[in-house]
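Notes for the one structure printed next.
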Amino acid sequence: MDTRGGTGELYGSMGISNEVYEYGKIVLEGLKERFEQIDDVAEYNQLKVLRAMQKNQVSEACLLGTTGYGYNDLGRDTLEAVYADVFHAEDALVRPQITCGTHALALALMSNLRPGDELFSPVGKPYDTLEEVIGIRPSRGSLAEYGVTYRQVDLLENGDFDYENIKKSLCSRTRLVTIQRSKGYQTRPTLSVERIGELIAFIKKIKPDVICMVDNCYGEFVEEREPIDAGADMVVGSLIKNPGGGLAPIGGYIVGAKECVENAAYRLTSPGLGREVGASLGILKDFYQGLFLAPTVTASALKGAVFAARLYENLGYQVAPDGSESRHDIIQAVTFGQPEGVINFCRGIQSAAPVDSHVTPQPWDMPGYDAQVIMAAGAFVSGSSIELSADGPVKPPYTVYFQGGLTWQHAKFGILKSLQSLMDAGLIDKEALRKAGHGVKCRKTSK
Ligand SMILES: *Cc1c(COP(=O)(O)O)cnc(C)c1O
């Protein structure tokens, strides 16, 4: 059946040339099995979320909110019980008063560390914004100002854990170990839940009482298991990434051992008050519905990431992860080797957005960065990166980081738009596209 005429014609009217459309189709044909695996994980996680909602008897009353102090907020307390069950944790803190992922992580750290304690990262440098929380970069109110020291051991060249130096670094003052699941905007590989489990087991054998915390940002619902299943004591993330399902307009979560979560609650509000206060206002319906949608939304983002990887690797660009590797987060990196690549990729993503598609992103001097940065985001929730978004520093090796997509169909359109934008700018020609498509077909028939 010729689809150009229906869907294809619509693509055409929205700026996708016939060549790009056809190339996308060829790439997609090779991804059927991959997509089935992603759907299988989504099915498992959908049931996991649904079971937790049913078990905790989420009711219509839970969707309403409280104001003022927020005492006896049924919906808030039930949602926290649901999160605890979904993540197989003893307890959970899920609040709109946790403003973002960095805040959730800072809260988890500051509430569970005391002066004289040491924080340890066995997986190298943490996410940029945590450098100021920890005080790696001197900063007002950092852990360093409160007398909490920090130590880190980098991954080995090949991405393995440096067990020897990890062992040496664990000392009597080591109170908390922070493990970042996602590579974030670095070049190291993302850690699977399985590898996180191996690392935690090694550390606990040496120092059983240490708190192992996982920064789970971008990792939720990508696998069937979550870090608690692998032995983590505390897991932290943002609701404007995967678990908010695109609907949560703000928020963060901390799940884990009761002791850790209680500490966080008393720090979030106040000693003596803890989790008993914190009105949910009118936000709970979006938290519940977002969590309900999160497994399939994450699957859509993953399909987009895999599709982008295949699309660009066939054209000879370096991609990480590649189109065949197993996935442990939703971030996709593509390296263009020239500034116009990053810029036009982002402009293509922007032009595919449901909001602000008419604006043209420009590189700018973002505070805290040593090079200009370009960002594409046309999101319903400002800054949400479970929605289709892309960004990259305009410096060698000119890598763009891409993530999100509330629906697979939108992610696909955005990626095709990025390719179209690169073609319209003259960075890729029709011949290259034809060859890449031909290459995919040959590989398929030869296997
Ligand atoms: C996004 C992210 C954070 C910080 O979250 P914000 O909501 O941007 O503050 C921390 N760690 C990782 C790995 C992230 O991806």
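The values are calculated or read from the model by the stated rules, or taken from the named source; none is laboratory data. Treat the numbers as computed from the prediction; the structure is a model and nothing was measured. Quick reminder, even Gly has a Cβ in these numbers, built from the backbone with ideal geometry, and neighbours come from all protein chains shown.
Scan segment 93-104 for residues that are touching a Gly at 6+ places or on another chain (Cβ under 8 Å) and crowded, with 24+ Cβ neighbours inside 10 Å and jot them down.
Let us first name the residues in segment 93-104 that are touching a Gly at 6+ places or on another chain (Cβ under 8 Å), namely 94-101, 103-104.
Answer for segment 93-104, where residues must be touching a Gly at 6+ places or on another chain (Cβ under 8 Å) and crowded, with 24+ Cβ neighbours inside 10 Å: 94, 95, 98, 101, 104.
Among the residues of segment 144-183 satisfying the criterion of being within 30 Å of residue 319 (Cβ to Cβ) and within 16 Å of the ligand (Cβ to nearest atom), which is modelled with the lowest pLDDT?
Selected residue: 183.
If I filter segment 105-118 down to residues being of a type in the set (Gly, Ala, Ser) and crowded, with 23+ Cβ neighbours inside 10 Å, which single residue comes out as farthest from residue 144 (Cα to Cα)?
Result: 108.
Give 6, 24, 12, 70 a once-over and let me know the one that is buried (at least 18 other Cβ atoms within 10 Å of the Cβ) and more than 29 Å from the chain's Cα centre (by Cα).
Details: 6 fails: buried (at least 18 other Cβ atoms within 10 Å of the Cβ); 24 fails: more than 29 Å from the chain's Cα centre (by Cα); 12 fails: buried (at least 18 other Cβ atoms within 10 Å of the Cβ).
Answer to the selection: 70.
Any idea which of 99, 129 is at pLDDT below 95, closer than 19 Å to residue 242 by Cβ and outside the structural domain of residue 381 (by TED's automatic domain parsing)? Walk me through how you get there before you give the answer.
On the way: 99 fails: at pLDDT below 95.
That would be 129, the only listed residue that is at pLDDT below 95, closer than 19 Å to residue 242 by Cβ and outside the structural domain of residue 381 (by TED's automatic domain parsing).
Does segment 145-165 hold any residues that are in a helix (DSSP H, G or I) and out of contact with any helix residue (DSSP H, G or I) (no Cβ under 7 Å at 6 or more places or on another chain), and which are they? Break it down into steps so the answer makes sense when it comes.
Residues of segment 145-165 in a helix (DSSP H, G or I): 145-146, 163-165.
Matches in segment 145-165: 145, 146, 164, 165.
Give me a count of the residues in segment 227-252 that are in a loop (DSSP other than H, G, I, E, B), within 12 Å of the ligand (Cβ to nearest atom) and among the aliphatic types (A, V, I, L, M).
4
For residue 133, only one of the following conditions fails: (1) in a helix (DSSP H, G or I); (2) surrounded by fewer than 19 Cβ atoms within 10 Å (Cβ to Cβ); (3) in contact (Cβ under 8 Å) with a residue 12 or more places away in the chain. What is its number?
(2)
Say we look at segment 279-325 and pick out the residues that are assigned to a loop (DSSP other than H, G, I, E, B) and in the same structural domain as residue 189 (by TED's automatic domain parsing); which of these is nearest to residue 44 (Cα to Cα)? Reasoning before the result, please.
Filtering segment 279-325 for residues assigned to a loop (DSSP other than H, G, I, E, B) gives 279-283, 314-317, 321-325.
Within this subset, residues satisfying the condition of being in the same structural domain as residue 189 (by TED's automatic domain parsing) are 279-283.
Values: 279: 32, 280: 29, 281: 31, 282: 30, 283: 27 Å.
Ranking the candidates gives 283 first.
Being of a type outside the set (A, V, I, L, M) and away from the ligand (no atom under 14 Å from the Cβ) is the filter here; which residues of segment 98-124 pass it? Break it down into steps so the answer makes sense when it comes.
At the first step, the residues of segment 98-124 found to be of a type outside the set (A, V, I, L, M) are 99-103, 111-112, 114-118, 120-122, 124.
Those that are of a type outside the set (A, V, I, L, M) and away from the ligand (no atom under 14 Å from the Cβ): 111, 112, 114, 115, 116, 117, 118, 120, 122.
Just the residues that are within 16 Å of the ligand (Cβ to nearest atom), surrounded by fewer than 20 Cβ atoms within 10 Å (Cβ to Cβ) and without any contact (Cβ under 8 Å) to a residue 40 or more places away in the chain, please, taken from segment 184-226.
Passing the criteria: only 195.
Residue 65 - would you say it is at negative phi, assigned by TED's automatic domain parsing to the domain that holds residue 204 and at pLDDT below 95? Give the derivation first.
Working: at negative phi: yes; assigned by TED's automatic domain parsing to the domain that holds residue 204: yes; at pLDDT below 95: yes.
So residue 65 passes the test.
List, please: which pairs have Cβ atoms under 8 Å, are six or more places apart or on different chains, and start with a residue in segment 327-352 that is more than 16 Å from the ligand (Cβ to nearest atom) and end with one that is in a loop (DSSP other than H, G, I, E, B) and of a type in the set (Val, Ile, Thr)?
339/394; 342/394; 343/394; 347/360; 350/359; 350/360
From the list 65, 101, which residue is in contact with a Cys (Cβ under 6 Å, 6 or more places away or on another chain) and in contact (Cβ under 8 Å) with a residue 60 or more places away in the chain? Before the answer, list the steps.
Values: 65 fails: in contact with a Cys (Cβ under 6 Å, 6 or more places away or on another chain).
The unique qualifying residue is 101.
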